[in-house]
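Worksheet for the structure shown next.
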Amino acid sequence: PSKQVYYTQVVSHYGVHLPDHLQTYVEPSVEVLVVYSYNQTEEIHMASRLLLQGVIERSSLPTLRKIVERWTSEHYFSPKMEGGFNVKNRQALLPGEGFKAGSLSPYFETPVLSSDPTMDRRLIAALVLCLIAADQQRKRQKTRERAARKAEKGEDVKDVENDYKDQKDSAIKLTSSVVRQITETLLKVVFDVGSRHDTNDERPLSPQDIVVSSLAAELMGKGFFLWRRHVTDVASLISRLHRLSLIKRAALAGAAHRALLQAGQSAPRSFIRQMGNEALNLKSKARCRSGALFAIVALVKKYPSSLINALPSAVQIIIKCLDPSAPALRKSLLRPATAALHALVQNYPSVTFHQKSQRFAVGTTARTSSVIVIYDLRTATKWRILSGHKKTITAVSFNPSATYLASYSPDEEPAALKFWETGSQGFLTNFLGITCQCIKTVPLPGIQLAAPGAQLTSEALLNNRIVWISPKMVKLRREDGTVTNHSI
């Protein structure tokens with residue numbers, strides 16, 4: 001621990017404090033930092049990557065353009081490369097064909113990372129280019145968030161929108177060919193090391209294998225917004241990252257887990273579908289199946305807004321893991337499934353759970369018919385379907401006895417709060433799946449947004465809440481923070 005503290009202090013001093021206080025400060029060489037970013041010693045490659053990220057963040061746009069021009073030269077990427085990486089037929093990339101020496105510094109030598117020099121060159125270039133793309137994406141995201149905060153406060157957002165437009169227009173764009181070749185290289189590394197692990201390959205993973213594969217997974221996650229259009233099988237990639245996140249190599253497992261969540265943020269429906277397949281696959285190991293549900297929990301906690309539209313699917317898959325007709329499955333997944341449902345209730349106002357009756361309800365989006373689905377967790381089946389809303393339902397809540405349920409949809413015209421009677425438990429209605437009727441609809445005034453044409457953010461919608469303050473009265477908190485009371 002003392003060494004780690006010392007290394008952190010040295011890197012922080014050199015990469016953060018000195019640039020701000022020393023006028024004659026000279027940035028470290030990008031080439032040298034890239035080489036040491038693949039060093040087998042953890043302290044060395046971590047320090048190098050942090051310093052490299054600092055150099056990129058401080059560089060001016062003209063400097064970044066020169067860096068990109070250098071690292072996208074023909075020494076690293078073939079301008080005539082055709083075809084693509086095929087997950088089911090992982091052929092080695094052609095070594096060295098179409099490359100020239102380029103204008104490299106005389107002291108710079110490509111580190112040997114694998115048996116394929118072409119892949120080595122692309123891996124080191126991918127690190128630089130991915131960090132630049134991710135830094136630009138992060139800055140644009142911060143500008144969008146700043147605009148959203150100002151809009152919610154009623155402030156003028158025109159200046160921030162102009163900043164965002166300038167950032168987007170001046171962004172450094174990588175060619176489709178370069179992005180495709182980086183994607184193929186990263187996929188090859190991730191799938192090859194994953195295949196060796198899945199097939200119990202007797203060849204042990206060397207320290208260099210761990211460094212290369214963990215960084216490839218890290219870059220796959222950081223730049224997923226770039227690579228995604230060149231990934232033909234997102235489901236297989238998500239499955240591979242999930243399995244790598246469970247191996248007993250901390251560096252690789254951590255990088256794969258972070259990449260898995262980034263992929264889940266970008267492709268939430270594919271993520272939920274694939275994690276469901278993993279969890280319900282009885283041929284997989286118990287750790288892999290429970291890990292899939294815990295991955296859903298991790299995504300909910302880290303990127304809650306990404307799953308808003310995929311919530312109904314997530315709920316259906318998690319509850320299917322509790323099917324009493326499959327006792328072995330239910331027993332093995334009871335803890336992670338319960339944790340996943342708890343995470344949904346804690347993070348999303350559009351889901352609610354009543355402990356005594358074991359009823360779990362989820363409001364759906366306009367894409368999925370705008371209904372409220374109530375599940376009975378004791379049987380892991382749909383118990384009621386409440387139909388009446390016309391737009392996305394952003395908040396639901398049972399009253400203390402579960403005889404009534406309140407729901408809210410801000411997108412309807414006008415916005416609507418509805419009360420439903422849910423107390424009937426007759427066998428015939430259960431068997432036929434008969435829907436309940438709404439007993440009261442409360443029309444609500446529209447939300448006045450500060451800027452014309454402004455849109456409510458996902459974060460604002462996650463702030464909706466319905467709280468029962470008596471058996472027949474609720475307190476509704478709307479997306480603008482206003483609170484009103486309503487009774488049946």
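The values are calculated or read from the model by the stated rules, or taken from the named source; none is laboratory data. Since we're looking at a predicted model, the values are computed, not measured. As a convention, Cβ positions derive from the backbone with ideal geometry for all residues, glycine included, and neighbour counts pool all protein chains shown. When the accessible area is computed, the model is the full protein with side chains, heavy atoms only, and any ligands, DNA or RNA have been set aside. Shrake-Rupley method; radii C 1.70, N 1.55, O 1.52, S 1.80 Å.
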- Give me the lysines in straight-line cross-link reach of K418: C-alpha distance below 25 Å, same-chain residues under 8 apart excluded. K356, K382, K390, K391, K440, K472, K475
- Can you send over the carbon and sulfur percentage of the accessible area for segment 358-404, probe radius 1.4 Å, protein chains only? 52 percent
- Query: Which percent of the Cα-Cα distances in the chain go past 29 Å?
  - Reply: 59 percent
- Item | Computed E for R65/A366 - FRET, C-beta separation, R0 60 angstrom, nearest 0.05 | 0.90
- Task: Can you send over the solvent-accessible area of E69, 1.4 Å probe, protein chains only, in Å² to the nearest 10?
- Result: 130 Å²
- Message: How large a share of the accessible area of segment 237-334, in percent, is made up of carbon and sulfur atoms when the probe is 1.4 Å and the other protein chains stay in place?
- Response: 53 percent
- Task: Would you list which lysines come within 19 Å of K283, measuring only between C-alpha atoms, while excluding same-chain residues fewer than 8 positions from it?
- Result: K320, K331
- T364, T63, reordered so the largest accessible area comes first (probe 1.4 Å): T63, T364
- Note on the structure: Rounded to the nearest Å, the spacing of the alpha-carbon centers of segment 297-369 and segment 207-282 is 22 Å
- Relative to the longest principal axis of the C-alpha atoms of the chain, give the angle of the C-alpha long axis of helix 327-347, reported between 0 and 90° and rounded to the nearest 10°. 90 degrees
- Note on the structure: The answer for the chain, accessible area per residue at 1.4 Å probe in Å², is 50 Å²
- Item | Accessible surface, 1.4 Å probe, highest first, among residues S266, S78 | S266, S78
- Note on the structure: Taking Cα atoms, the helix 234-244 axis meets the longest principal axis of the chain at an angle in degrees (rounded to 10) of 80 degrees
- Message: For R122, what accessible surface area do you get with a 1.4 Å probe? Give it in Å², rounded to 10.
- Response: 10 Å²
- Note on the structure: Taking R70, R138 and ranking on accessible area (1.4 Å, protein atoms only), highest first, one gets R138, R70
- Message: Using the alpha carbons of segment 292-409, what is the convex hull volume per residue in cubic angstrom, as a whole number?
- Response: 94 Å³
- Solvent accessible area, Å² - T484, 1.4 Å probe, full protein context: 50 Å²
- Message: Compute the angle between helix 42-58 and the longest alpha-carbon principal axis of the chain, please, reported from 0 to 90 degrees and rounded to the nearest 10.
- Response: 80 degrees
